[in-house]
Amino acid sequence: MNSLRFDETLMNDAPLVSAVLVSWNRLDYLKKAIDSLRRAEGVRLEIIVADNGSSDGSLEWLRKQPDVALIENKRNAGACRARNQGTRAARGEFVLYMDSDAELVTPGGPARLIETLRGDDALAGAGGVIYGDDALTQVWCVSPTTDWEGNYDPAASVAMTDDPHILSTCFCLFKTAAVRETGGFDEFYFYLFEDGDLCQRMRKRGYRFVIDPEVKIVHHYATPGRTARGQVDYHYYHERIRMYYLLKNWGLAMFLASWRLKIADTLRYRPRFPYLPLWRYIDIYYLRAALMFFAFPLIRLRRSKKWI
């Protein structure tokens, strides 16, 4: 890992923020993300990039950046493992998670969030409003919200709230101590649901979160750097981790209620997924759901440790 080089004598009174980014074949967007962080005001910044085996020139470029600490993985280890690697290396009082295709629009944003967090011991993290366009007219996410089954709720996710339950790892800032106390990201999730899982565990410890609408971020949602999956493969992956998320965070009763709906009301639910043949639907919601139910205690036993 590259050693960080920044002038420790400058801005001694400014908080140190460790910005952790995960990189995988998204060089052009990664450059924009890092450049936007370099323009941050009122904080000392260390930038940590965990690269998951990029082959598009990202590694060559990152190795030449004197202010970037680079963690090189030989393969795509997933977003959670890479973020945990970055968090273990973080020296800052605060850790900022940011997608490699996101861009900080408000240079003073991290400093604003830190001021809010320092004012309340019960606050573990803070975020801004994430937009889907450069003109900042289309809100992409405020707080990624799910319904009772763990399905993403688009309308609720873009609504302002005084009590967000989840902060999006597209851009969010946490007290480093709170992340470490909670154990970091559960590496069962390759990606998706990991921010919800972390925040649910923090809330169970009594922590809260806040959104500052004056802090603005653009999420370019770039196609490069995303795992290519067809609709059916993606559905299998999504439902596997959704079931795990339900069992782990909301308990057996919620899991069984969701499972009963899918089985008892097969004819109503199947049309929601026209790309799934009946045998695929039965495989996911009859067989694999049963497998998750019985395998969950063993999975949790193997993953009872903290990840950082």
### Query
What's the number of the condition PHE190 fails, among (1) more than 25 Å from ALA33 (Cβ to Cβ); (2) assigned to a loop (DSSP other than H, G, I, E, B)?
(1)
### Message
Given the criterion in contact (Cβ under 8 Å) with a residue 60 or more places away in the chain and part of a helix (DSSP H, G or I), identify the matching residue among ALA126, ALA69, ALA82.
### Response
ALA82
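Look at PHE255 and say whether it is free of Cβ contacts under 8 Å to residues at least 60 places away in the same chain and either in contact with a strand residue (DSSP E or B) (Cβ under 8 Å, 6 or more places away or on another chain) or outside any strand (DSSP E or B) (or both).
yes
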### Task
Would you mention how many residues in segment 103-152 are crowded, with 19+ Cβ neighbours inside 10 Å, farther than 22 Å from LYS32 by Cα and among the hydroxyl-bearing types (Ser, Thr, Tyr)?
3
### Summary
Checked against (1) surrounded by 14 or more Cβ atoms within 10 Å (Cβ to Cβ); (2) over 25 Å from TYR131 (Cβ atoms); (3) modelled with pLDDT of 95 or more; (4) of a type outside the set (A, V, I, L, M, F, W, C), LYS204 satisfies every condition except (1)
### Query
Just to be sure, is SER168 buried (at least 17 other Cβ atoms within 10 Å of the Cβ), out of contact with any Asp or Glu (no Cβ under 8 Å at 6 or more places or on another chain) and under 24 Å from LEU247 (Cβ atoms)?
no
### Message
I'm trying to understand the selection: among the residues of segment 131-154, which are under 16 Å from HIS165 (Cα atoms) and either in contact (Cβ under 8 Å) with a residue 24 or more places away in the chain or not in a loop (DSSP other than H, G, I, E, B) (or both)?
### Response
CYS141, VAL142, SER143, PRO144, THR146, TRP148, GLU149, GLY150, ASN151, TYR152, PRO154
### Given (1) surrounded by 12 or more Cβ atoms within 10 Å (Cβ to Cβ); (2) part of a helix (DSSP H, G or I), number of the condition ARG260 does not satisfy
(1)
### Task
From TYR285, TYR236, TYR281, TYR244, grab the single residue that is touching a Lys or Arg at 6+ places or on another chain (Cβ under 6 Å), touching a residue at least 24 places away in the same chain (Cβ under 8 Å) and not assigned by TED's automatic domain parsing to the domain that holds GLU149.
TYR285
### Query
Is at least one residue of segment 201-215 among the small types (Gly, Ala, Ser) and in the same structural domain as GLY109 (by TED's automatic domain parsing)?
yes
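The values are calculated or read from the model by the stated rules, or taken from the named source; none is laboratory data. Predicted model, so just to flag it, every value in this text is computed and none were measured. Don't worry about glycine lacking a Cβ; one is built from the backbone with ideal geometry, like all the others, and counts go over all protein chains shown.
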